[in-house]
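Peer 1: Here you go, one structure.
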């Protein structure tokens, strides 16, 4: 009860709900097992090798709009967003399981295209589909994906390893997927669209899991905490803060924003800071780096991938306090990161 009123899940929010039940399941885990609280569960496997396990639930009307996204793109994306969790731990994806609840009126041709999109990415990343479950849905389409991967235990990266002074960086642009979603909701993808709008829509429908970047970064000892950007850096930084018992300062002028997003934000009068900070589903990696080693790491990253490793902030000692700055002045943003139970 809360002030005489029954406590509802919207009062707790997604993170509060997870914290409420997870503590009961984190007690007395076997040695070497990591449970709830990171991008993947970690299980001892073969020698130094660890088994990584991640799962995601995708529901029509919540995570995707079946009447807007093509079956081909949905098949690709449903695998991509799960592979991103493996990337965040610095692992290699190996096997997948797919459970799917299908409305009875679904056409077989649509399902064929869905699995063609899945196969496109599965072949590229070496992931085998081993099984799952199927059932009839009385509502919309529901997908549940489980990915198993492997990693060297020495190279695993967790959310709990950030330290005060660390540089916060990302491996890609921020806000593109949110920009694409805004255009989709406006119906812009149905007409003749400009190249920058097409680019953002594709970034939303076809995210690229940063698997190679994750493996590279996990092998660098100066990289401490790491996770993927799924709910927007505002939400995802809070997860690092919670796990690492720290605060974060973000410097808005340093956020990597694509020219396409800048053009569309100007055209449609979007608040660019809020799109970049609170927009989710970019699926690049968010990491913290020992400050004295960051310049060297950024140079190695550029040589390997041909693009910068943007520094966007710094870990602070102010516990559980996320602050935004522009040109040295603190800024308050109205829009926060995504929360399934609090965001309309």
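The values are calculated or read from the model by the stated rules, or taken from the named source; none is laboratory data. These numbers come from a predicted model, not from an experiment. Note that we place each Cβ from the backbone using ideal geometry, even for glycine, and neighbour counts take in every protein chain shown.
Peer 1: Considering only the range 94-145, state which residues are in a strand (DSSP E or B) and in contact (Cβ under 8 Å) with a residue 60 or more places away in the chain.
Peer 2: Passing the criteria: 142, 143, 144, 145.
Peer 1: Would you call residue 172 over 18 Å from residue 70 (Cα atoms), touching a residue at least 60 places away in the same chain (Cβ under 8 Å), assigned to a helix (DSSP H, G or I) and under 17 Å from the mean Cα position of the chain (by Cα)?
Peer 2: Numbers: over 18 Å from residue 70 (Cα atoms): yes; touching a residue at least 60 places away in the same chain (Cβ under 8 Å): yes; assigned to a helix (DSSP H, G or I): no; under 17 Å from the mean Cα position of the chain (by Cα): yes.
It is false that residue 172 is over 18 Å from residue 70 (Cα atoms), touching a residue at least 60 places away in the same chain (Cβ under 8 Å), assigned to a helix (DSSP H, G or I) and under 17 Å from the mean Cα position of the chain (by Cα).
Peer 1: Here are some residues: 123, 138. Which one is at pLDDT below 95, farther than 17 Å from residue 38 by Cα, over 19 Å from the mean Cα position of the chain (by Cα) and surrounded by fewer than 17 Cβ atoms within 10 Å (Cβ to Cβ)? Spell out the reasoning first.
Peer 2: On the way: 123 fails: at pLDDT below 95.
Within the list 123, 138, the selection yields 138.
Peer 1: So residue 57 passes all but one of these: (1) modelled with pLDDT of 95 or more; (2) part of a strand (DSSP E or B). Which condition number does it fail?
Peer 2: (1)
Peer 1: Taking the options 276, 260, 265, name whichever one is under 15 Å from residue 171 (Cβ atoms), modelled with pLDDT of 95 or more and either under 20 Å from the mean Cα position of the chain (by Cα) or not in a loop (DSSP other than H, G, I, E, B) (or both).
Peer 2: Working: 260 fails: under 15 Å from residue 171 (Cβ atoms); 265 fails: under 15 Å from residue 171 (Cβ atoms).
None of the others qualify; the one that does is 276.
Peer 1: While we're looking at this one, here's another question. Residues in the range 232-269 that are touching a residue at least 40 places away in the same chain (Cβ under 8 Å) and under 15 Å from residue 196 (Cα atoms): how many? Step through it out loud before you land on a result.
Peer 2: Within the range 232-269, the first condition is being touching a residue at least 40 places away in the same chain (Cβ under 8 Å), and the residues that meet it are 232-261, 263-265, 268.
Remaining after also requiring under 15 Å from residue 196 (Cα atoms): 257-261, 263-265, 268.
Residues that pass the stated criteria total 9.
Peer 1: Got a sec? Which of 323, 239, 249, 304 is in the same structural domain as residue 223 (by TED's automatic domain parsing), over 23 Å from residue 205 (Cα atoms), touching a strand residue (DSSP E or B) at 6+ places or on another chain (Cβ under 9 Å) and assigned to a helix (DSSP H, G or I)? Steps first, answer last, please.
Peer 2: Numbers: 323 fails: assigned to a helix (DSSP H, G or I); 249 fails: assigned to a helix (DSSP H, G or I); 304 fails: touching a strand residue (DSSP E or B) at 6+ places or on another chain (Cβ under 9 Å).
Answer to the check: 239.
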